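> Before I ask anything, here is the structure I am working with.
The values are calculated or read from the model by the stated rules, or taken from the named source; none is laboratory data. If you're wondering where the values come from, they're calculated on a predicted model, not measured in any experiment. Using ideal geometry, Cβ is built from the backbone for each residue, glycine included, and neighbour counts are taken over all protein chains shown.
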């Protein structure tokens, strides 16, 4: 079996950016570097977003290196615009992504790494993990969840507000997705918003300096081996123009987290109850890194400790789309850093 210089696992923003930088630095696609993607088609997590998420709703799509984002209208669904852009990028740069390939595990093989996906394996000197979080939706444990007779779904499975028309929906979660989904669901249904902690609303402009400070806080966590926090958790929440109407209608009257779910809704410790037809868990995602378990990368603190994008416990491994590089802009920057890290490791192995 041929030995590759590196394998990139994941073909979202972070994976494509890294693959492009690797090729620019002299690695040959298909011969030195192979990109594996679990999806059937290009687009990363974007292809799975709900149809009502338009380009006006997203925080912006950072251009991949050496290809500008094409013009688009604000009412175009993001799950069409971004995947088409990613597909064009793969074609133009000849990245030769292999799909669908769901990597089951990455394991040591002496000085090499073995990447296993079903009956297929690859031997490689280094690895770039760019699997993001989409396949790891997080739903917290609440007493009585198994008793609730209505519908429960995570934002991972949300397709639009029409399915909830005329009912009452409890939206759980304190992030930007909860704010956005409350705005559109509340136009067709009654809503109740619950969070563990009171929301912190950002009233000042989100300046580049504030953005860098927020990213630095997340970088500090992964540098210390702590589980990464989302950037939003340190920036606070902001209302966009399309959510002002919901604010004026009182949709963002936040309630504390319930003590339990019941057969017909939710109940608080003080005895109050709220009937509900559905519970929408806007409770975020966790890093999709279970396939890296054989490498024992996690620190005692529970996260994967990184030096830049390099795994401290195994410098053959680079992680992008993890922690501070989970945003599209951060993913591009991390892609270049990871590519340089791969080349440095290859040189060290050859010395």
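> Being assigned to a loop (DSSP other than H, G, I, E, B) and over 15 Å from residue 316 (Cβ atoms) is the filter here; which residues of the range 290-304 pass it?
Hits for the range 290-304 are 299, 300, 301, 302, 303.
> Continuing with this model, one more query. Residue by residue through the range 16-38, note down the ones that are within 18 Å of the chain's Cα centre (by Cα) and over 18 Å from residue 120 (Cβ atoms).
Once the filter is applied, which keeps residues that are within 18 Å of the chain's Cα centre (by Cα) and over 18 Å from residue 120 (Cβ atoms), the range 16-38 yields 16, 17, 18.
> Looking at residue 102, is it over 26 Å from residue 345 (Cα atoms) and surrounded by 14 or more Cβ atoms within 10 Å (Cβ to Cβ)?
Spelling it out, it is not the case that residue 102 is over 26 Å from residue 345 (Cα atoms) and surrounded by 14 or more Cβ atoms within 10 Å (Cβ to Cβ).
> Considering only the range 85-95, I want to know if a residue exists there that is surrounded by fewer than 15 Cβ atoms within 10 Å (Cβ to Cβ) and over 21 Å from residue 332 (Cβ atoms).
No: zero hits.
Rundown of residues vs (1) touching a helix residue (DSSP H, G or I) at 6+ places or on another chain (Cβ under 8 Å); (2) assigned by TED's automatic domain parsing to the domain that holds residue 13; (3) more than 21 Å from residue 304 (Cα to Cα), yes/no style:
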site	(1), (2), (3)
100	no, yes, yes
109	no, yes, no
114	no, yes, no
157	no, no, yes
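> Now a separate question. Given the criteria at pLDDT below 90 and under 30 Å from residue 308 (Cβ atoms), does residue 207 qualify?
So residue 207 passes the test.
> Residue check: is residue 140 within 24 Å of the chain's Cα centre (by Cα), under 18 Å from residue 258 (Cβ atoms) and surrounded by fewer than 19 Cβ atoms within 10 Å (Cβ to Cβ)?
Answer is yes for this residue.
> If a residue must be buried (at least 17 other Cβ atoms within 10 Å of the Cβ) and modelled with pLDDT of 95 or more, how many such residues does the range 258-286 contain?
Of the residues in the range 258-286, 15 are buried (at least 17 other Cβ atoms within 10 Å of the Cβ) and modelled with pLDDT of 95 or more.
> Within the range 64-81, identify whether any single residue is part of a helix (DSSP H, G or I), under 30 Å from residue 163 (Cα atoms) and out of contact with any helix residue (DSSP H, G or I) (no Cβ under 7 Å at 6 or more places or on another chain), and answer yes or no.
Yes.
> Restricting to the range 115-130, name every residue that is assigned to a strand (DSSP E or B) and buried (at least 17 other Cβ atoms within 10 Å of the Cβ).
Within the range 115-130, 115, 117, 122, 124, 125, 126, 127, 128, 129 meet the criteria.
> Checking residue 46 against (1) under 23 Å from residue 175 (Cα atoms); (2) in contact (Cβ under 8 Å) with a residue 40 or more places away in the chain; (3) in a loop (DSSP other than H, G, I, E, B), only one condition comes out false. Which one?
(3)
> Residue check: is residue 268 under 17 Å from the mean Cα position of the chain (by Cα) and within 17 Å of residue 192 (Cα to Cα)?
Spelling it out, it is not the case that residue 268 is under 17 Å from the mean Cα position of the chain (by Cα) and within 17 Å of residue 192 (Cα to Cα).
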